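Encoded as structure tokens, the structure appears first; notes follow it.
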Amino acid sequence: MEAEESGEIEDEEVFEAVSAGKIIENYPEDEPYPSCLIYGKTSKKRPLHVVCAHSDDDKLAIIVTAYQPNPERWIDFSRRKK
């Protein structure tokens with residue numbers, strides 16, 4: 001669990017957001033594995049951003065961080081405001 005301004009993010013919430021989410025940004029140059037930013041909602045409609053690193057060769061998915069996006073910085077939580 002991680003402390004957040006908007007409340008703790010439970011492991012189950014991260015799973016729900018990733019399972020029902022979509023990739024909104026890719027970071028193919030990240031090391032040691034490429035990563036991506038996923039936007040998804042929990043079963044209670046809480047919006048979350050989850051950064052995941054992945055290795056197809058090793059069949060790994062690693063949760064780097066999860067946070068509730070600030071609506072002042074995102075359009076529909078999926079596009080950065082300019």
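The values are calculated or read from the model by the stated rules, or taken from the named source; none is laboratory data. Worth saying up front: this structure is predicted, and the values here are computed from it rather than measured. Neighbour counts run over all protein chains shown; Cβ positions are idealised from the backbone, glycine included.
Quick look at the numbers
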{"read-out": "Residue match in region 46-65 (condition: assigned to a loop (DSSP other than H, G, I, E, B) and modelled with pLDDT of 95 or more)", "value": "yes"}
{"read-out": "Which numbered condition GLU25 misses (of (1) touching a strand residue (DSSP E or B) at 6+ places or on another chain (Cβ under 7 Å); (2) touching a residue at least 24 places away in the same chain (Cβ under 8 Å))", "value": "(2)"}
{"read-out": "Restricting region 70-79 to residues that are surrounded by 13 or more Cβ atoms within 10 Å (Cβ to Cβ) and out of contact with any Pro (no Cβ under 6 Å at 6 or more places or on another chain), the residue that is farthest from TYR39 (Cα to Cα)", "value": "TRP74"}
{"read-out": "Given (1) in contact with a Gly (Cβ under 6 Å, 6 or more places away or on another chain); (2) in a loop (DSSP other than H, G, I, E, B); (3) not β-branched (Val, Ile, Thr), index of the condition TYR39 fails", "value": "(2)"}
{"read-out": "Residue within region 10-32 that is surrounded by fewer than 12 Cβ atoms within 10 Å (Cβ to Cβ), in contact with a His (Cβ under 7 Å, 6 or more places away or on another chain) and either modelled with pLDDT under 95 or of a type in the set (A, V, I, L, M, F, W, C) (or both) present", "value": "no"}
